[in-house]
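First comes the structure, then the notes that go with it.
The values are calculated or read from the model by the stated rules, or taken from the named source; none is laboratory data. These figures come from a predicted structure and were not determined experimentally. Please note: Cβ atoms are built from the backbone with ideal geometry, for glycine as well, and neighbour counts cover all protein chains shown.
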Amino acid sequence: MSQVLLEWIGLSAGAMAGHVAVVTGAGRGIGREVARLFASLGAKVALAEISESGHGAARAIREAGGVALCVRADVSREADVDGLAKTIRREFGPATILINSAIFSPVAPVVDMAPETWDRVIAVNLRGAFLTCRAFLPDMLAREAGTIINMTSAQAMPFAAAYAASKQALAAFSRSLAVEVGGRGVRVIAFGPGIVDTPGLRDALPALARYSPMDVDGALRAAISPEMAAAAMAYLVTRLADDYHGEEVDVYAVMDRAGVTQSGELATAPPSAPPFASRDPVAREAARKALAFAEELRAIAAETTAEFGRLPVFARPMAAHGFRSQAGQSVAEWVRALDALGQSLRAMTAGGGPGAASDLAGKWPGLEALLTHLGGYYRGAPKQVARFTRDEETLRQVTEIAARRESVVRSLIEACRRALEAQ
């Protein structure tokens, strides 16, 4: 990854200075690249690796001027993880970042998979993350600062069912742990790197092709580089950890926030480029009205977040899941989407150049569909609440609030349509 791109997204030298990062499975693939990048950004990096490849990776980091050590550890073994934590604390001090990227991913149909293989997958991918979190959390909680990234994967992977199951369990573990640590300064995130061109992928694809017809070369062409996945993880840790605490996010969402396309190119002009505003007074007024509704809906999204926070702890994940499934994306993602919409609409009310309107026009079909889902969520809220209470006053209040929120969504959709039509 070029230095220009790193600087563009705010990851210049020293961006991670003062941090102690632990990266499991750091001998090759994504873990190796994460360790290298974090060290280049100023972190002291501890590479936890079961094979000798970890020592080579740590040596390369030191030769490049970084600070790194490798500790041989099988993350599925409690004694190894405890020893890992003690070594890092002694050599570097308390860990502030934990990246769980160690994996075991055999390819086999379920009917042919030995129980011992299944157990090993769960031991490395799930138990390993549990043990490392348990080992490093006390120091993070004591300092009220830390970030844990647990790497997840696709929801379904035929002929890699054990791997997929372990990773979905890890996502649930991450969400649960995030609720446990609450507002105590530690951020826990499930991160999906997507299809990454790693040695592991190159080993797996031919094996998968034996069971199911597939274009191996095409899959490799569609894969992103491990450097891109590492950059997304660094950006997530340094810029977005608060935003995605308790959520599952993929590499594309992170890099989109950083202003980078899936191909690794800069997605927009430099920040100094002038914003767009229509010179047509009718278009400016339409954009102004749309902006008012966008800001009102942004406040409603914040209210929704606060309402979820007042729920009993056990009910919060269920409420968040229900919102995401019905509204098309999480509350946090809605906040970011509305912030971006507001930025485009503000640019359409003052300035010069043709960028903002065309940018909004390109995104509008997808955003309109999502807004329709969001309106449906608020419309159905009274019925959902009625499942848990029969108090008439409560139901009346919920119905009124839901009707107001749905009305704001409808008004925003209509105002955006008019703003775009007036361009």
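Anything in the range 90-107 that is touching a residue at least 40 places away in the same chain (Cβ under 8 Å) and surrounded by fewer than 16 Cβ atoms within 10 Å (Cβ to Cβ)? List them, or say none.
Here is the first cut: in the range 90-107, the residues touching a residue at least 40 places away in the same chain (Cβ under 8 Å) are 91-107.
Those that are touching a residue at least 40 places away in the same chain (Cβ under 8 Å) and surrounded by fewer than 16 Cβ atoms within 10 Å (Cβ to Cβ): Glu91, Gly93.
Applying the selection to the range 54-79, what residues are within 11 Å of Ala26 (Cα to Cα), in contact with a helix residue (DSSP H, G or I) (Cβ under 8 Å, 6 or more places away or on another chain) and in a helix (DSSP H, G or I)?
Ala57, Ala58
Could you tell me which residue of the range 64-86 is surrounded by the fewest Cβ atoms within 10 Å (Cβ to Cβ), considering only residues that are under 26 Å from Gly14 (Cα atoms) and β-branched (Val, Ile, Thr)?
Val67
Within the range 171-200, count every residue that is in contact (Cβ under 8 Å) with a residue 60 or more places away in the chain, surrounded by fewer than 22 Cβ atoms within 10 Å (Cβ to Cβ) and closer than 19 Å to Val121 by Cα.
Final tally of qualifying residues: 4.
State yes or no: is Leu98 in contact with a strand residue (DSSP E or B) (Cβ under 6 Å, 6 or more places away or on another chain) and over 15 Å from Asp74 (Cα atoms)?
Values: in contact with a strand residue (DSSP E or B) (Cβ under 6 Å, 6 or more places away or on another chain): yes; over 15 Å from Asp74 (Cα atoms): yes.
The answer is yes for Leu98.
Scan the range 34-63 and report the pairs whose first residue is surrounded by fewer than 22 Cβ atoms within 10 Å (Cβ to Cβ) and whose second residue is charged (D, E, K, R) and in a loop (DSSP other than H, G, I, E, B), with Cβ atoms within less than 6 Å and a gap of 6+ or a chain change.
Every condition considered, the pairs that remain are Ile50/Asp74; Ser53/Arg28.
Does Ala283 count as out of contact with any Gly (no Cβ under 8 Å at 6 or more places or on another chain), surrounded by 20 or more Cβ atoms within 10 Å (Cβ to Cβ) and at pLDDT 75 or above?
Details: out of contact with any Gly (no Cβ under 8 Å at 6 or more places or on another chain): yes; surrounded by 20 or more Cβ atoms within 10 Å (Cβ to Cβ): yes; at pLDDT 75 or above: no.
Spelling it out, it is not the case that Ala283 is out of contact with any Gly (no Cβ under 8 Å at 6 or more places or on another chain), surrounded by 20 or more Cβ atoms within 10 Å (Cβ to Cβ) and at pLDDT 75 or above.
Across the range 108-129, what is the number of residues that are among the hydrophobic types (A, V, I, L, M, F, W, C) and surrounded by 20 or more Cβ atoms within 10 Å (Cβ to Cβ)? Before you say what the answer is, go through the steps one by one.
Here is the first cut: in the range 108-129, the residues among the hydrophobic types (A, V, I, L, M, F, W, C) are 108, 110-111, 113-114, 118, 121-124, 126, 129.
Okay, now just the ones that are also surrounded by 20 or more Cβ atoms within 10 Å (Cβ to Cβ), so 121, 124, 126, 129.
Count: 4.
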